[in-house]
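Notes to accompany the following structure.
Since every read-out is calculated from the coordinates, none of them should be taken as a lab result. It should be emphasised that the depicted structure is a prediction, and the values quoted were computed from it without experimental measurement. No Cβ is skipped: glycine too gets one built from the backbone with ideal geometry, and neighbour counts run over all protein chains shown.
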């Protein structure tokens, strides 16, 4: 009886984890290299037009990522054609070189804020395009092939 109670408790505890996640999706880069002209494109339906949500960009990087920060461009397109474009900077490593993010081994997963406490204003399909915008210091042209980003994704959570 005690064993059955423990199993039931464990199942309830595990099912309650991440219950606020509405949607999440990842796309792998080509062999861990993210080309500046290849945006990760995602489409999703608005969960509703009443509740508030947080949107995150999820990235996985490995030890071949050569920088301590990351610049991204996000474009969130609404069903009516409105586009919100943001240039974003995220810290990927501490000053001592230790990677931020979660995970054991050489791959770290980073959950990066994109939009906080938003209400989707209309029903329909939204699209989110995420592209890398890395530059070398003193160089106008961007880094064409960014090494070390293995997966790009997004996550929507109910606030």
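At 7 Å along the Cα-to-beta-carbon direction for both residue 68 and residue 22, put a label point, then send me their distance in nm to one decimal. Those two pseudo-labels are separated by 3.7 nm.
Using a/c under 1.5 as the rounded threshold, could you call the stretch 64-135 rounded, prolate or oblate? The axes a ≥ b ≥ c are square roots of the C-alpha gyration tensor eigenvalues, and prolate needs a/b larger than b/c, oblate otherwise. In terms of gyration-tensor shape, prolate. Enclosing the Cα atoms of the chain in their convex hull gives a volume equal to 152 cubic angstrom per residue.
The angle separating the long axis of helix 2-16 from the principal Cα axis of greatest extent in the chain is about 40 degrees. Over the chain, what is the mean sequence separation of C-alpha contacts under 8 Å (at least six apart), divided by residue count, expressed as relative contact order in percent? This gives 43 percent for the chain.
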